[in-house]
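Colleague: Dropping a structure here in structure tokens format, bear with me for questions.
The values are calculated or read from the model by the stated rules, or taken from the named source; none is laboratory data. Quantities reported herein were computed from a predicted structural model and do not represent experimental measurements. Backbone-built Cβ (ideal geometry, glycine too); neighbour counts: all protein chains shown. For the accessible areas, the whole protein counts, side chains as well, though only heavy atoms, and no ligand, DNA or RNA atoms are used. Shrake-Rupley method; radii C 1.70, N 1.55, O 1.52, S 1.80 Å.
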Amino acid sequence: MHRASIYSIFVIMENIKQVPSLSLPAIPVELGAEVLLEILKFNLRIKSMFVGMEFGQYLIIRLSPNDLLGTFRSEAIRESPVIFRFLYKGVVYGFDTEIQNIVSAPAKIVFLKYPKAIVESKTLTTERHSCNIPGMTMFGNEFVDLSVIDISPEGCRAIIMSVGEALYGLIQVNKIIEIKLQLPRTNESFALKGKIRNLSKDTDRITVGVQFDEMGPDARAKLTQFISALK
């Protein structure tokens, strides 16, 4: 199965339509597939792994050992609304569901209610280009170094290293971010403004997916020129 970053799942969705079904839908997700859970109650989006289901009853999702969701007691998060998304054969699927239960041993496992309907969307053909561009942004009153590891006209994915506990709380989904980039082999820099659409928090880094927004014509021209040089 083709793997797509969580960043790309958010920036490629369009033309959403309801999948018709007279009964409970089949879910075209494979064992071991990367899925995205958006827990609305906590404004939290996390990458997880699909590990099983019982048709019409529940889905089983395995969390990362470092994922904060696994620290919640089952009674505190039970029946919390969730948006479930995954990519299958170039199509993004998603549905609304609820958390039925969560266990922490021997692995962090979440049981989700089986959905009544699925939404699918076509993907855009915009190609993302791998790169390694040093940059800087600001969270609160702190300047933060980062590296942009892939980029397209619609957005980018960046890694923030050496993060502390205080910084974890400042980086949130839907937060506006301005990234100042230093272009390779030149002294030229420019700023890209966008919104954090997804994030993944590990012990030593944070990976953010950013969708560009409100970009000025000069910055757009420099971005287009830079991406052309990557092809």
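Colleague: Rounded to the nearest 0.05, what FRET efficiency do Asp96 and Ala26 have when you use their Cβ-Cβ distance and R0 = 22 Å? Walk me through the numbers on the way to the answer.
Modeller: Working: r = 17 Å, r/R0 = 0.77.
That gives a FRET efficiency of 0.80.
Colleague: Using θ = phi - 60° and the Karplus curve 6.51 cos²θ - 1.76 cosθ + 1.60, what whole-Hz ³J(HN,Hα) does each residue of the stretch 37-49 get, with Gly and Pro shown as x?
Modeller: With coefficients 6.51, -1.76 and 1.60, one gets 10, 10, 8, 5, 4, 10, 6, 10, 10, 9, 7, 9, 10 Hz.
Colleague: Counting only protein chains, not ligands or nucleic acids, how are Val148, Val119 ordered by accessible area (probe 1.4 Å), most first? Numbers along the way, then the final one.
Modeller: Details: Val148 0, Val119 40 Å².
The residues order as Val119, Val148, largest area first.
Colleague: Ok, one more. Quick one: 3J(HN,Hα) in Hz for the stretch 173-180, Karplus 6.51/-1.76/1.60 with θ = phi - 60°, rounded, Gly and Pro as x.
Modeller: My calculation for the stretch 173-180 gives 4, 6, 7, 6, 9, 10, 9, 9 Hz in order.
Colleague: Can you list residues from other chains, or at least 5 along the same chain, whose modelled amide H is less than 5 Å from the amide H of Gln100?
Modeller: HN-HN under 5 Å from Gln100: Glu79, Phe111, Leu112, Lys113.
Colleague: Here's another thing I want to ask about it. Structure shown: which of Lys47/Lys195; Lys108/Lys195; Lys47/Lys175 lie over 27 Å apart, alpha-carbon to alpha-carbon? Before the final figure, lay out the partial values.
Modeller: Details: Lys47/Lys195 18 Å; Lys108/Lys195 30 Å; Lys47/Lys175 18 Å.
The answer is Lys108/Lys195.
Colleague: Right, next: Quick query: amide H of Phe139 versus all other amide H atoms, modeled in the peptide plane; which residues come in under 5 Å with a sequence gap of 5 or more or a different chain?
Modeller: For Phe139, whose amide H was placed from the backbone, the distant partners under 5 Å are Val144.
Colleague: Please arrange Asp204, Asp218 by accessible surface area, largest first, computed with a 1.4 Å probe and ligands excluded.
Modeller: Details: Asp204 80, Asp218 115 Å².
The ordering from most to least exposed comes out as Asp218, Asp204.
Colleague: Residue by residue through the stretch 96-104, what is 3J(HN,Hα) from phi via Karplus (6.51 cos²θ - 1.76 cosθ + 1.60, θ = phi - 60°)? Round to whole Hz and write x for glycine and proline.
Modeller: 8, 8, 9, 7, 8, 6, 9, 10, 10
Colleague: Here's a follow-up. Long-range amide H contacts for Met215: which residues qualify at under 5 Å (H placed 1.01 Å from N, peptide plane, sequence gap of 5 or more or a different chain)?
Modeller: none
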